[in-house]
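Read through the structure below, which is laid out as structure tokens, and then see the notes.
The values are calculated or read from the model by the stated rules, or taken from the named source; none is laboratory data. Keep in mind that this is a model prediction, so the values were computed, not measured. Cβ atoms come from the backbone with ideal geometry, glycine included; neighbour counts cover every protein chain shown.
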Amino acid sequence: MSAQDKVTSVPDLDLEVLEIHLLLTAIEQRYGYDFFNYAMSSLKRRVRNIQCDENLSSISELVPKILHDPQMFDRFLVEMSVTVTRMFRNPQIFKRIKESLLPKLHTYPRIKIWHAGCATGEEVYSMAILLAEADLLKKTHIYATDYNNQSLAIAEKGIYPLEKMQDFSKNYLAAGGQCSFADYYHAKYEHAVMASILSKNITFAHHNLMRDQSFGEMNIIFCRNVLIYFDQILQDKVLTMMRDSLIHRGYLVLGDRETISFTGISESFTEIEPRSRIYQKQPEISGF
Amino acid sequence: MYAAQNSYSAIAIGVSAGGFEALAQLLPAFPKDFDLPIFITQHQLMDADRNGFIAKYYSQRCNLPVHEAYHGTQIKAGHIYHSVSGYHLQIESNGSLTLSVAPPLNHAIPSIDILFESAVEYYQSGLVGVVLTGQNTDGAVGISTIKAYGGLTIVQDPDGAEARSMPDAAIAATQIDAILPLDEIGPFLAKLSNRESP
């Protein structure tokens, strides 16, 4: 490979930093979404996916498109929040919730659960199923929020490809499900429609963790595989907001490989068991 | 030998089928005072190794500490970071590790291409990319990118590999600097030494 080839085949990284800054500035000022505290390597990868799909020769070409076309911004939001999720993802975590957390929830007259960054809702229905089997669903209100309205619409409909049900069913059993997973949906052509009994007490709402305030008094908050997209500053901000949204001794459930050890609020929580990724809010130590 | 003329900033290794044994043979070759960070993306099944056995296993057999890659970890020279099941491993622009649950690439999460492409943006020509045994083509695009940035590219000789399609794909993708049998890769890498990170 000649030296000239090398120059043309790799992007000018310094220029790209400037281009991404321009793009994020355009998005923030036009649409009010602040992506400046997003993990840069993930952001860049996703912006490049859009660049490639849209056949653009540079990232900055995306700026006028996003400024003038709200649909292009929606396209950006979808790309930023596309994620791998499934029902009972990491079934061991759901099993732990079922065995250790749900028995404690029986003592509360009402239960509030928040799925922050619920994406297409698979885990919201997973949790609703566990609550139903523990006879807790009736007194529970579930808030399922995301900043991506397209994902939220899928979550609210509760319709998933039928072909995924085998995998979901396997996870359901691994999570300690007591019935048959097929009891919770009905098949319609190529789709599985989740039972309406599960969604009766779920509120689906638009919420942007990068900007919006807390919901109060939650027993459990799920925030799974969301913090990995944030830099340290935004992680601390969001975790503080979550802590303040939990009741005394409420629980925070993180992703399978997420930890609060390196964050500013690690002292406010205790992990219920090492590597469980389930954190219990500790009483505040008041000074004199 | 390339190693005699240059110095490098980091090593990124991609491995799939047959990887556990290959790494168990390769990693002990690094001496205690080895001064580059080493990143490994190894294909794993979903929910595999939740107790962190792999990192402990390698740690006991290596002169260097081996860690599971956690989000936000600051990269240290002479440490080995191993990918975890269900997450892509990326190198962040501030010299830390980032995880992602973006869709699989080449049917793989973690994907070797994603590690290589993020690492080379940070280390540029200082990156050494290594593709080992595997039944896939993951890593081929990434190792071409490492080559394009002027980094050093090494591939396990497909003839001796447990699964040859990943080394074959890497060799077909770009002009590889060194194609070596597994038992020579460790000693080769162990001779590389540090230069300033960008």
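Things worth noting here:
- Some residue of region B:151-162 being at pLDDT 95 or above, among the hydroxyl-bearing types (Ser, Thr, Tyr) and surrounded by 19 or more Cβ atoms within 10 Å (Cβ to Cβ): yes
- Condition broken by A:ASP236, with the remaining ones in (1) part of a loop (DSSP other than H, G, I, E, B); (2) within 14 Å of another protein chain (Cβ to nearest Cβ); (3) in contact with a Gly (Cβ under 9 Å, 6 or more places away or on another chain) satisfied: (1)
- Qualifying residues in region A:21-51 (those that are farther than 20 Å from A:PRO64 by Cβ and hydroxyl-bearing (Ser, Thr, Tyr)) - the one surrounded by the fewest Cβ atoms within 10 Å (Cβ to Cβ): A:TYR38
- Qualifying helices (runs of 4 or more DSSP H) (wholly inside region B:116-191; at least 2 residues being over 18 Å from B:ILE91 (Cβ atoms)): B:165-173, B:182-190
- Sole residue being farther than 25 Å from B:THR98 by Cβ and within 24 Å of the chain's Cα centre (by Cα), chosen from A:GLN71, A:GLN29: A:GLN71
- Residues of region A:230-257 that are of a type in the set (A, V, I, L, M) and either within 18 Å of A:PRO91 (Cα to Cα) or surrounded by fewer than 16 Cβ atoms within 10 Å (Cβ to Cβ) (or both): A:ILE233, A:ILE247, A:LEU252, A:VAL253, A:LEU254.
- Screening the candidates A:TYR147, A:TYR189 for the property of being surrounded by fewer than 21 Cβ atoms within 10 Å (Cβ to Cβ), of a type in the set (Phe, Trp, Tyr) and more than 20 Å from the chain's Cα centre (by Cα) yields one hit, A:TYR189.
- Count of region B:163-198 residues, restricted to those that are among the basic types (Lys, Arg) and surrounded by 21 or more Cβ atoms within 10 Å (Cβ to Cβ), is 0.
- Failed item, numbered, when B:LEU97 is tested on (1) in contact (Cβ under 8 Å) with a residue 24 or more places away in the chain; (2) touching a helix residue (DSSP H, G or I) at 6+ places or on another chain (Cβ under 9 Å); (3) crowded, with 22+ Cβ neighbours inside 10 Å: (2)
- When each of A:HIS141, A:HIS186 is tested for being free of Cβ contacts under 8 Å to residues at least 12 places away in the same chain and not in a helix (DSSP H, G or I), the lone residue that passes is A:HIS186.
- Against the test of being within 14 Å of chain B (Cβ to nearest Cβ), surrounded by fewer than 17 Cβ atoms within 10 Å (Cβ to Cβ) and either without any contact (Cβ under 8 Å) to a residue 24 or more places away in the chain or closer than 30 Å to A:GLN178 by Cβ (or both), the options A:VAL84, A:VAL17, A:VAL78 yield a single qualifying residue, A:VAL17.
- Scanning region B:20-57 for residues that are surrounded by fewer than 17 Cβ atoms within 10 Å (Cβ to Cβ), assigned to a helix (DSSP H, G or I) and of a type in the set (Gly, Ala, Ser) yields a single hit, B:ALA24.
- Residue-level check: of (1) under 15 Å from B:THR174 (Cβ atoms); (2) more than 8 Å from chain A (Cβ to nearest Cβ); (3) not β-branched (Val, Ile, Thr), B:GLY150 misses just (2).
- Among the residues of region A:174-183, the ones that are within 23 Å of the chain's Cα centre (by Cα) and in a helix (DSSP H, G or I) come to 1 in all.
- Some residue of region A:52-69 being within 14 Å of chain B (Cβ to nearest Cβ), touching a residue at least 12 places away in the same chain (Cβ under 8 Å), over 27 Å from B:TYR123 (Cα atoms) and of a type in the set (Val, Ile, Thr): no
- Tally of residues being part of a loop (DSSP other than H, G, I, E, B) and touching a Phe, Trp or Tyr at 6+ places or on another chain (Cβ under 7 Å) across region A:23-45: 2
- Pick from region B:100-112, criterion crowded, with 20+ Cβ neighbours inside 10 Å and at the interface with chain A (Cβ under 10 Å from one of its Cβ atoms), ranking: nearest to the chain's Cα centre (by Cα): B:ILE109
- Some residue of region A:258-269 being crowded, with 16+ Cβ neighbours inside 10 Å, polar (S, T, N, Q), more than 14 Å from chain B (Cβ to nearest Cβ) and assigned to a helix (DSSP H, G or I): yes
- Residues in region A:205-229 that are surrounded by fewer than 22 Cβ atoms within 10 Å (Cβ to Cβ) and either part of a strand (DSSP E or B) or among the β-branched types (Val, Ile, Thr) (or both): 4 in all.
- Taken over region A:103-135, residues that are surrounded by fewer than 18 Cβ atoms within 10 Å (Cβ to Cβ) and of a type outside the set (Val, Ile, Thr) amount to 9.
- Screening A:LYS95 on (1) away from chain B (no Cβ under 14 Å); (2) part of a helix (DSSP H, G or I) shows it passes everything except condition (1).
- Scanning region B:90-115 for residues that are assigned to a strand (DSSP E or B), of a type in the set (Gly, Ala, Ser) and either closer than 18 Å to A:MET80 by Cα or touching a Phe, Trp or Tyr at 6+ places or on another chain (Cβ under 8 Å) (or both) yields a total of 1.
- For the residues A:VAL238, A:VAL226, the requirement of being touching a Leu at 6+ places or on another chain (Cβ under 8 Å) and either within 22 Å of B:HIS88 (Cα to Cα) or not assigned by TED's automatic domain parsing to the domain that holds A:LYS98 (or both) singles out A:VAL226.
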